[in-house]
Amino acid sequence: MYILLFAAVLGIAAVLRLLIVKKDTVSFFITGLDSGFTVPEILMLRKLAKFCNLEEPQALYLSVPALNRSIAQLLAVSKANGTEFSKKTQDFLSKLYAYRTKVELDPSAKKGLQSTKYLDENQKIRVVLKNSGVFASYIIRNARELIVKMPSKKGIITMFGSEWVGKQISVYLWRRNDAHYVFDTTVLNAGQFASQPVLYLAHSDSLTRAQKRREVRVPSRVYADMYLAAKNFKDDTVLEEKEGYRCLLEDISVGGALIRIGGKCPVQTRMKIQFPIGENYIVMVGIIRAVEYNKELNQSRLHFECLKITPEMRNSVFSYVYNVLPPEEKEVFDALAQTDEDKETDGEEQAERDPDEERSPLQSEPDTE
């Protein structure tokens, strides 16, 4: 009786294990297909994940460092058991190296992040706490929680651990060779890690690409002069002396404006607008990308993209946009501006690094001792 009961329990456990494994495999394939990977690539990455016994196999879709670590592990194990130069191992490594090169060099092959679980250690971040400003930090450890250095302003810690715990924050970052990202999370705890004051952040599966600074728009009610067609204006940023077609700017950004006019205007029309901001006149040269026509009012809203503006005028528009923004949106603006700085710094550091250093995780033989 007890033997039969024990056998039944073992049978149920085996079935449940099989279902869990199958569910994980199906989830791995669905994620790969949804992310645009080919079936051969999915099979190859699944084989690598299984070989390395990865807790998070889907990291191979999203993180080049995770791919590097897995390849290094494969090399170490094959070297230890004497199969490093076997045809099977070398063929598999060739496929992995080819795929890794494709991900590194082909922008269309790069998959956007969706979870903070795949962020790399030492990743710079900008932390926004509503009505408190923007703080600088970086990821020290990515484990069950994100462990980040205590956020600071200009190198000075202005808020201590207990003041952060339980707070809802937004985190902005620039990921090398990818894009700007933002996610919302909660500060779970504060403490010490590796002799440094840190915050423990909850992971998020809702990373989104952050809008660029140039796209930040503010509502406005600014009248402007509009000059249609290249024949009617100099195709540069020189201020026109004659009055143009009167129009109303309903919102403004460095990237363009939403313009209301009477009548119609064709899409793709090249045009020039000039308008006052404070004591300065702004001149933008660009093109109409879309038109919303209201037949009853016989009015159109033109989505104008600015293609040419002087640096001085761009700064004037930035200043106007920033001053009009409410406090919470200014914090977002500042965070995006600072991640732009991180991007530029990251590019300088990349240029200074020895090119061979980038390939070392793949080409050097891992230490098996």
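Nothing in this text is a laboratory measurement; each read-out follows from the coordinates by a stated rule. This structure is a prediction, so every number in the text was calculated from the model and none was measured. In this analysis, Cβ positions are derived from the backbone assuming ideal geometry, glycine residues included, and neighbour counts consider all displayed protein chains.
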Notebook entry, point to check: Using +1 on the beta carbon of Lys and Arg, -1 on that of Asp and Glu, and nothing else charged, what's the dipole of region 116-211 about the Cα centre, debye to 20?
Noted result: 240 debye
Check: Among Ile139, Gly161, Ile125, which residue has its Cα positioned farthest towards the positive end of the charge dipole of region 115-170, with +1 placed on the Cβ of Lys and Arg, -1 on the Cβ of Asp and Glu, and the dipole taken about the Cα centre?
Finding: Ile125
Note to self: Need one number: nm distance between label points at Glu55 and Lys153, each 7 Å from Cα along Cα→Cβ, rounded to one decimal.
What the structure shows: 3.7 nm
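Using the Kirkwood radius built from alpha carbon pairs, what does the Stokes-Einstein equation give as D for region 109-180 at 10 °C and 1.306 mPa s, in µm² per second? Intermediate results must be reported in sequence, preceding the final value.
On the way: Rh = 13.2 Å.
Stokes-Einstein gives a translational diffusion coefficient of 120 µm²/s.
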Margin query: In 5 Å bins starting at zero, report the fraction of Cα pairs in region 183-306 per bin as a rounded %.
Written below: 2, 10, 16, 18, 13, 8, 5, 5, 5, 6, 6, 4, 2, 0
Checklist line | Most to least packed among 65-72, 217-224, 264-271, 152-159 [average Cβ atoms within 10 Å] | finding: 65-72, 217-224, 264-271, 152-159
Next item on the list: For Gln299, enumerate residues with amide H under 5 Å from its amide H, sequence gap 5+ or separate chain, H modeled in the peptide plane.
Entry: Gly263, Asn294
